[in-house]
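Colleague: Shown below is the structure under consideration.
The values are calculated or read from the model by the stated rules, or taken from the named source; none is laboratory data. The structure presented is a predicted model; accordingly, all values stated were derived computationally and were not measured. Note that we place each Cβ from the backbone using ideal geometry, even for glycine, and neighbour counts take in every protein chain shown. With ligands, DNA and RNA removed, areas are computed over all heavy atoms of the protein, side chains included. Shrake-Rupley method; radii C 1.70, N 1.55, O 1.52, S 1.80 Å.
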Amino acid sequence: MSAGPAPRVLAPDAAAIAEAARVLRAGGLVAFPTETVYGLGADALNDRAVARIFEAKGRPRFNPLIVHFPAAEDARHCVVFDARAERLAAAFWPGPLSLVLPRRSGSAVSLLASAGLETLAVRVPRNDVALKLIAALERPVAAPSANRSGEVSATAAAHVAQSLGARVDLILDGGPSPVGLESSIVDLTGERAVLLRPGGVTREAMEAVVGPLALGGAGRPGAPRAPGQLASHYAPRLPVRLNAQSVRPGEALLAFGPDPPVGAVETLNLSPTGDLVEAAANLFAMLRALDRPGRTGIAAMPVPGHGLGLAVNDRLRRAAAPREPLAEDLPSG
Ligand code: TXA
Ligand code: MG
């Protein structure tokens, strides 16, 4: 599980943030807190540093990365905003929303961060430490979730350390991630706005600002996915059984609501009161905690599909999906 030597972990005071910016400037990797999940950050203008992200994550493919900016005006230097992007950014930034927009020609952002696409996913996180770090670097920061490829996203510094070990040069410990789910991703490169990944901003809230969103990528089961999005992406080691109404022998239970079935080896409840925000914040940490040897699987109770429940169900479906082949089995490219 752990990746050898322990990484350096610092409380995010001014000195630590300055040190983290130095590490990034030198081409290193820094894991930092955001309101959604921890990010594994690199200087977005430095191809080698960006490449180290893929290496550290053990990503089987070069998925495009989300690039983080201190403010919308900084993102405008790198991508072309249209009226929809302006409205969404004004409504939800800083916050858990990523916008896929056309790259500006001549943008200095690493092409590897775009995985060769003409588009770039950009966001302004709502986290003080993240914003201070990006400001200190004076460059955008490319950051996927700070976990090895295929593992659940890290929502605490200890999860990052456990998953990546010394593959990350420095971890800024900003406490648990309050949202606990990745950002929503909206693709605005076409005529129709497409929700590629449901996440921390609800579909309903975004539609109130820009009108109907088409469901694409992870938002629609079986639909073509965002580039590089693997079906089995949020995968615990144990098999996950969805829509469980009862518990089978040897199973751990990921419960939801006031009245879970009895008989599980261990039960963790996403939200005894049925609160979807609480469920989202607990999801990855509880999947991780239940994923222990000697059990036959994780039974996951049904979670309603409205609000943040859309994203919770998306992540649960991925956790339950058949496992992808290993990196070496995949065709290159
Ligand atoms: O909340 C988050 O978004 C976190 C924090 C760290 O900001 N980051 C995150 O990054 O979840 P990552 O790399 O785990 O997920 C990025 C997703 C990928 O599934 C990728 O396919 C999609 O964003 N993506 C990135 N750039 C894209 C692009 N240009 N076009 C389409 N999809 C893109
Ligand atoms: Mg991820």
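Colleague: Helix 276-290 versus the longest principal axis of the chain: what angle, 0 to 90°, nearest 10, using Cα atoms?
Modeller: 70
Colleague: Once R0 is set to 30 Å, what does the formula 1/(1 + (r/R0)^6) return for the Cβ-Cβ distance between Ala289 and Asp128, expressed as a FRET efficiency to the nearest 0.05?
Modeller: So, using R0 = 30 Å, E works out to roughly 0.65.
Colleague: How many Å² of accessible area per residue for segment 240-327, probe 1.4 Å?
Modeller: 44
Colleague: Something else now. Work out the charge dipole of segment 240-327 with +1 on the Cβ of Lys and Arg and -1 on the Cβ of Asp and Glu about the Cα centre, then indicate which of Ala255, Pro302, Ala319 is farthest towards its positive end.
Modeller: Ala319
Colleague: Right, next: Using a 1.4 Å probe on the protein heavy atoms, what percent of the accessible area of segment 240-327 belongs to carbon and sulfur?
Modeller: That share works out to 58 percent.
Colleague: For labels at Arg87 and Asp259 in the simple 7 Å Cα→Cβ model, what's the distance in nm?
Modeller: 4.2
Colleague: Tell me, which longest segment in the chain has none of the GluC sites (Glu not before Pro) that fall in DSSP loops with at most 11 further Cβ atoms within 10 Å?
Modeller: 192-333
Colleague: Now a separate question. In degrees from 0 to 90, rounded to the nearest 10, what is the angle of the helix 14-25 Cα long axis to the longest principal axis of the chain?
Modeller: Here the helix axis deviates by roughly 70 degrees.
Colleague: Once all Cα-Cα distances of the chain are split into 10 Å bins that start at 0, what whole-number percent is in each one?
Modeller: Once binned at 10 Å, the Cα pair distances of the chain give 6, 27, 36, 24, 7, 1.
Colleague: While we're looking at this one, here's another question. Compute the FRET efficiency between Asp47 and Ala166 as 1/(1 + (r/R0)^6), taking r as their Cβ-Cβ distance and R0 = 30 Å, and round to the nearest 0.05.
Modeller: Computed FRET efficiency for Asp47 and Ala166: 0.85.
Colleague: Turning to a different aspect of this structure: Let me spell out the model: positive unit charges on the Cβ of Lys and Arg, negative unit charges on the Cβ of Asp and Glu, origin at the Cα centre of the chain. What dipole size does that give, in debye rounded to 20?
Modeller: 620
Colleague: Against the longest alpha carbon principal axis of the chain, how many degrees, from 0 to 90 and to the nearest 10, is the axis of helix 128-137 turned?
Modeller: Once rounded, one gets 30 degrees.
Colleague: Let me ask another. Tally the DSSP beta bridges in segment 8-215 and give the antiparallel ones as a percent, rounded to 5.
Modeller: 55
Colleague: Taking only protein heavy atoms and a 1.4 Å probe, what accessible area per residue, in Å², does segment 8-215 have with all protein chains in place?
Modeller: Counting only protein heavy atoms, the per-residue value for segment 8-215 is 36 Å².
Colleague: Could I ask something else about it? So, in Å, what gap is there between the alpha-carbon centers of segment 99-114 and segment 141-165?
Modeller: 24
Colleague: Where the centroid of each part is defined by its Cα atoms, how far is segment 174-197 from segment 68-96 in Å?
Modeller: Their Cα centres are 13 Å away from one another.
Colleague: Percent of accessible area on segment 8-215 owned by carbon and sulfur, 1.4 Å probe?
Modeller: Solvent-exposed carbon and sulfur of segment 8-215 make up 53 percent of the total.
Colleague: Next question. Sum up the charges of everything whose Cβ sits under 14 Å from the Cβ of Gln245, counting Lys and Arg as +1 and Asp and Glu as -1, but leave Gln245 out.
Modeller: Taking every Cβ under 14 Å from that of Gln245, the sum is 0.
Colleague: Please give, to one decimal in nm, the separation of the simple spin-label points placed at Ala208 and Ala15, each 7 Å out from Cα toward the Cβ.
Modeller: 4.5
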